[in-house]
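Before any comments, here is the structure.
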Amino acid sequence: MDSTPAPPAPPVITSFVALGDSFTEGMSDLLPDGSYRGWADLLAARLAARTDGFRYANLAVRGKLIGQIAEEQVGVAAAMGADLVTLVGGLNDVLRPKCDMGRVCGLLEESVAKLAPNCGQLVLMRSPGRRGPVLERYRARMEHLFAHIDALAEEHGALVVDLYSCDALGDPQMWAEDRLHLTAEGHRRVAEAVWQRLGHPAESDWTAALPPAVPPGWYARRVADLRFAHRHLLPWIGRRLTGRSSGDGRAPKRPELVPLLPTAAPAAAPVAARSADLAPLACEDTP
């Protein structure tokens, strides 16, 4: 008879608050009505299906820097006293040409110190990075940030979900046309990663590699480059030059910790079937 003790049951989570920027808001997991879903909504739906009266708030807003997250979201979330809080921030700062890493790490430290005592479980993340020249250009900063996140988690009893080291999430096929945000499949995998890190049994392998993409031809690459520049790169440059953000004036999609009606979690399709719907990206990341 096997005497190995069964793993402890995951804690019951009756409330969840998500903080951050576009990654947690859900871009680019686009729904038919034009809104974004994303990994946090998917995780909340799973948790709601297990617990009556489950409540969920998502305070994340696209374009927010860590200072804005600390000022606008952290205090609100701490006052909610949720069972689960996720905090993902700082990458928008890191990817800017000039970045004060000491300030970024300090603000993150202040945020974690305020959130950890005021929630049941705090979850931090090592964010995924799309393979390409942008990742290489900012790799040292990102790894500095992630090392600080690891240290904060150990100090405050937070959990860390390591998405950065997952090769599958770095695959360009997992990234949307803007090359900055995950596709629906990428968000589904992030939700699964957090689900497993919370102690729930695996429902799919979120680290599984996608089948290799068929390389597009020269003409298709140039068309993709032009479309990307027109729709995403030029507007991004314009916002940087004028000091604007894509999140200016935008309210969180779920600002209150209110009940979320349980819905059936979408079934995980085989990786090969899902990848057929993922359009390969022809070009590298943006500067």
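The values are calculated or read from the model by the stated rules, or taken from the named source; none is laboratory data. What you see is a predicted model; the values in this text were computed from it and never measured. We place every Cβ from the backbone using ideal geometry, glycine too, and count neighbours over all the protein chains shown.
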- region 1-20 residues that are over 19 Å from V112 (Cβ atoms), paired with ones that are of a type in the set (S, T, N, Q) and modelled with pLDDT of 70 or more (beta carbon under 6 Å, 6 or more apart): T14/T51
- Message: Looking only at helices (runs of 4 or more DSSP H) that lie completely in region 180-257, which have at least 1 residues being of a type outside the set (A, V, I, L, M) and at pLDDT 60 or above?
- Response: 184-197, 218-228
- Item | strands (runs of 3 or more DSSP E) fully within region 1-116 counting 2 or more residues that are crowded, with 22+ Cβ neighbours inside 10 Å, of a type in the set (A, V, I, L, M, F, W, C) and over 17 Å from the mean Cα position of the chain (by Cα) | none
- Sole residue being among the acidic types (D, E) and either in contact with a Gly (Cβ under 7 Å, 6 or more places away or on another chain) or at pLDDT 95 or above (or both), chosen from E136, E110: E110
